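For reference, the structure discussed in these notes is given below.
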2 protein chains.
Amino acid sequence: MTQDWRLRYAENMRSYEGYSIGKLLSLINDPAIISLAGGLPSPEIFLRSEFLQATQRLLDRHIDRIMQYSAIRGEADLLDAVVTFLNRDGIHAGPENVMITTSGQQGLDLAGRLFLDPGDTVVVERPTFAGALAAFEMQRPDYLGIDMEPDGLDVADLQEVLAHRAATGRLPKFIYVVPDFQNPSGVSMSLDKRSALLDLSERYNIPILEDSPYRALRYRGKQLPSLFSMDQQRGSGRVIGVYTFSKLFCPGMRVGFNIGPPEVIDKMTNIKEGSTLNTPKYNQDMCTAFLTEIDLDAYFERCRAYYSDKMGVFLDALEASFPPERGVTWTRPEGGMFLWVSVPETVDTRQLFHEALKFKVAFVPGEAFYGEQPERNHMRVNFSYPSEAQLREATGRLSDCLDRQGV
Amino acid sequence: MTQDWRLRYAENMRSYEGYSIGKLLSLINDPAIISLAGGLPSPEIFLRSEFLQATQRLLDRHIDRIMQYSAIRGEADLLDAVVTFLNRDGIHAGPENVMITTSGQQGLDLAGRLFLDPGDTVVVERPTFAGALAAFEMQRPDYLGIDMEPDGLDVADLQEVLAHRAATGRLPKFIYVVPDFQNPSGVSMSLDKRSALLDLSERYNIPILEDSPYRALRYRGKQLPSLFSMDQQRGSGRVIGVYTFSKLFCPGMRVGFNIGPPEVIDKMTNIKEGSTLNTPKYNQDMCTAFLTEIDLDAYFERCRAYYSDKMGVFLDALEASFPPERGVTWTRPEGGMFLWVSVPETVDTRQLFHEALKFKVAFVPGEAFYGEQPERNHMRVNFSYPSEAQLREATGRLSDCLDRQGV
């Protein structure tokens, strides 16, 4: 065994370690720990009987095709169902604008691989989705982080930065945003900012990658149009959408879809072909059944009520445990699955993570969610998976743990 | 719409077009055409009732876990079942040597991404598997093609080339081979050459990527040890194995596995995490059921008998249609799914492909299977999917088509 494998690795991969949160989650192996660290949908909203019935019917009818290779870009039925689903949301696409992905993570990876050379710049929110960083990182880009405000990305700051970059000739390859109930912050981008962001995209001719995993999960406030639909109305064609069935239907099928101009979709399909070939037909067919056989309005309404209640319980518990004088603050999202909790700057949440495990509670330290210059005094907490009783208990444990830190 | 998307693409992707065969297959849309162009296992060997029963049982017991996220590296049950499966084949691995992939294509992509920088050299067989080229191509390597002989790679030529390269300091990053019933040629590497290839791997300290999709499908001759097992006996640790369930069980689940040193497997798992997260649990569980609940000896024996009969029919038909004076030759594989047919050099099989469509028969032009300097007078023909009657009929049509070309 005389191999020094590390010396053989491609430059893009030499320091690559995957998804930083994954390593953390592996530390949470004591069943007594209440984990607010995950990002799992609750099994309580899973459509078990519909899933079983659809499986039975599909296998009765199509077992030979389910066991065989299928089309790289996706099953025609699912492409059509996605077109209809998008149409509900004000997006007018044809099947040529859609490709099925083997998960939203693949959707992000396809974008990273298609657009990024090492050293290229990507605009990301501060904080941003850690899974997107895990995807883009394999191309070793530079991140240009723009702060999140309570109503989303600081578009005015982005404008200044882009103006400066335009003068120096090094514009970003794309702008990555999660406009609806962002992971990790829970923040949504206001309509004005959506509009202003699209102005910048047009003015500087920079594509936007819009990641929309939680869009159907709005618990409060008015639904805002997607960047994709607003861009489409302008006739600009600069937005690429990344979607997944993971939070709407279930993560276990590993199916999502990307939308965009046909030439971009074709090119991403080429990359998918070289990297995984087709998405399994059974898994696609289950998503088709979900989109076409379920009363989606009723189902989403049920999910919204379920998650909204949980978020309410969690917000109340935080309110009760952390009076203003403790200096702990948190976002109050209008949807999604996460809150962003900020603690006094004297506390480093990476260290706090290990302390919290002793108190049998877990969260994700905020530093995982920055492309550059991570802030250390935040944490992402999830409210979709734990029960309401667990959310209350976890808040108490977190309070005790922070108390020990002098907070 | 003022986008020139092409200008935005990463350098690695600007000219990338995916899997060249995929484009060809899309031209074969007339149902009257008998296609020898695919690489599909026959549905006649699919284990339908076992598949249905396993599905029923799995969903009864594990539906919540099947609908949820699961471990990136793979389900523990499947990792264990793979270890046992490998042990049948003389490979002594632990779960730390194995990762589940979302298809053999992903297994190849993970290798390409982990090892290849643009301009790095990869040794490939001439001809080689087009899907591997589709995976590696995304890193823009240089290919060093080494001719296939009737008993496999021309290892003596490889030795000369490596000696020269060692002197000039630019050794290949890895050597990619399909030692058993290679796609496209059907050729298998002799035991002596396996040994000599491992000598070179050790002498020049170059890893080997061993792709083994068809290994269980031997119809004639004696099973030879895998490069992985031989390398393991030497204690060298320079072979990485790429496997898939596609040809053994079914392609539709999109599950395979890679094997290798733990540090390489860990690193590939990182890349899988950033590019697709986990392989769907249902699809993995179906493969676990296949490995643990089927009498594999009996099943493989049935597959071997089935495909061997087809290959026999095809070889007889070729013999009858192409007497030696026509100058058409073909390989006589000991297993797998493909023959490699060579026609006189006056014929360009890319042009012949379009002629053949008029005769309602299709194959893959050989040029798709070269990393560099493609030869134009070969074709890959598949015998696993068409029926015996179709194989006979297709051979007649091919004969008529070539007759028209003066062959």
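The values are calculated or read from the model by the stated rules, or taken from the named source; none is laboratory data. Please read all numbers here as calculations on a predicted model, not as lab measurements. As a convention, Cβ positions derive from the backbone with ideal geometry for all residues, glycine included, and neighbour counts pool all protein chains shown.
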**Prompt:** Could you list, in sequence order, the residues of region B:218-238 that are touching a helix residue (DSSP H, G or I) at 6+ places or on another chain (Cβ under 6 Å) and either farther than 25 Å from A:Leu7 by Cα or in a loop (DSSP other than H, G, I, E, B) (or both)?
**Reply:** B:Tyr219, B:Leu224, B:Ser236, B:Arg238
**Asked** Applying the selection to region B:118-137, what residues are facing chain A (nearest Cβ under 9 Å), among the small types (Gly, Ala, Ser) and assigned to a loop (DSSP other than H, G, I, E, B)?
**Response** none
**Fill in**
Of B:Arg48, B:Arg6, B:Arg14, B:Arg73, the only residue that is surrounded by fewer than 18 Cβ atoms within 10 Å (Cβ to Cβ), closer than 18 Å to B:Cys287 by Cβ and of a type in the set (Lys, Arg) is B:Arg48
**Message:** Among the residues of region A:149-164, are any in a loop (DSSP other than H, G, I, E, B), under 21 Å from A:Ser236 (Cα atoms) and out of contact with any Cys (no Cβ under 8 Å at 6 or more places or on another chain)?
**Reply:** no
**Message:** Quick check on this structure: which one of B:Ile271, B:Ile265 is of a type in the set (A, V, I, L, M) and more than 30 Å from B:Ile294 (Cβ to Cβ)?
**Reply:** B:Ile271
**Prompt:** Are any residues in region A:77-126 charged (D, E, K, R) and surrounded by 24 or more Cβ atoms within 10 Å (Cβ to Cβ), and if so, which ones?
**Reply:** A:Asp109, A:Arg113, A:Glu125
**Prompt:** How many residues does region A:212-225 contain that are under 29 Å from A:Val161 (Cβ atoms), within 15 Å of the chain's Cα centre (by Cα), in contact (Cβ under 8 Å) with a residue 40 or more places away in the chain and more than 14 Å from chain B (Cβ to nearest Cβ)?
**Reply:** 2
**Request:** Give the residue that is nearest to B:Pro262 (Cα to Cα), with candidates limited to residues of region A:26-51 that are more than 9 Å from chain B (Cβ to nearest Cβ) and without any contact (Cβ under 8 Å) to a residue 60 or more places away in the chain.
**Result:** A:Ser26
**Message:** Can you find a residue that is assigned by TED's automatic domain parsing to the domain that holds B:Met230 and assigned to a strand (DSSP E or B) anywhere in region B:106-117?
**Reply:** no
**Request:** State which residue is farthest from B:Glu44 (Cα to Cα) when the search covers only region B:198-211 and only residues that are crowded, with 24+ Cβ neighbours inside 10 Å and away from chain A (no Cβ under 14 Å).
**Result:** B:Glu210
**Request:** Test A:Asp151 against the stated conditions and say whether it is of a type in the set (D, E, K, R), surrounded by fewer than 21 Cβ atoms within 10 Å (Cβ to Cβ), modelled with pLDDT of 95 or more and in contact with a Ser or Thr (Cβ under 7 Å, 6 or more places away or on another chain).
**Result:** yes
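So, A:Tyr143, is that one within 22 Å of A:Leu86 (Cα to Cα), aromatic (Phe, Trp, Tyr) and in the same structural domain as A:Gln106 (by TED's automatic domain parsing) or not?
In short, no.
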**Asked** Which members of region B:344-375 meet the condition of being farther than 26 Å from B:Val123 by Cα and in contact with a His (Cβ under 9 Å, 6 or more places away or on another chain)?
**Response** none
**Asked** Within region A:52-82, how many residues turn out to be more than 11 Å from chain B (Cβ to nearest Cβ) and of a type outside the set (Gly, Ala, Ser)?
**Response** 8
**Prompt:** Taking A:Phe257, is it buried (at least 24 other Cβ atoms within 10 Å of the Cβ), away from chain B (no Cβ under 12 Å) and in a helix (DSSP H, G or I)?
**Reply:** no
**Request:** Restrict the check to region B:280-292 and report whether at least one residue is away from every other protein chain (no Cβ under 14 Å), over 29 Å from B:Ser20 (Cβ atoms), under 24 Å from the mean Cα position of the chain (by Cα) and not polar (S, T, N, Q).
**Result:** yes
**Item:** Test for A:Asp192: is it surrounded by 17 or more Cβ atoms within 10 Å (Cβ to Cβ) and within 30 Å of A:Arg304 (Cβ to Cβ)
**Value:** no
**Prompt:** Within region A:269-296, which residues are of a type in the set (Val, Ile, Thr) and under 25 Å from B:Gly107 (Cβ atoms)?
**Reply:** A:Thr269, A:Ile271, A:Thr276, A:Thr279
**Prompt:** Taking A:Ala394, is it at negative phi, modelled with pLDDT of 95 or more and touching a strand residue (DSSP E or B) at 6+ places or on another chain (Cβ under 6 Å)?
**Reply:** yes
**Item:** Filter result (touching a residue at least 60 places away in the same chain (Cβ under 8 Å) and either in contact with an Asp or Glu (Cβ under 7 Å, 6 or more places away or on another chain) or within 7 Å of chain B (Cβ to nearest Cβ) (or both)) within region A:1-25
**Value:** A:Glu11, A:Met13, A:Tyr16, A:Gly18, A:Tyr19
**Prompt:** Hey, does region B:231-248 have a residue that's within 10 Å of chain A (Cβ to nearest Cβ), more than 30 Å from B:Gly119 (Cα to Cα) and among the polar types (S, T, N, Q)?
**Reply:** yes
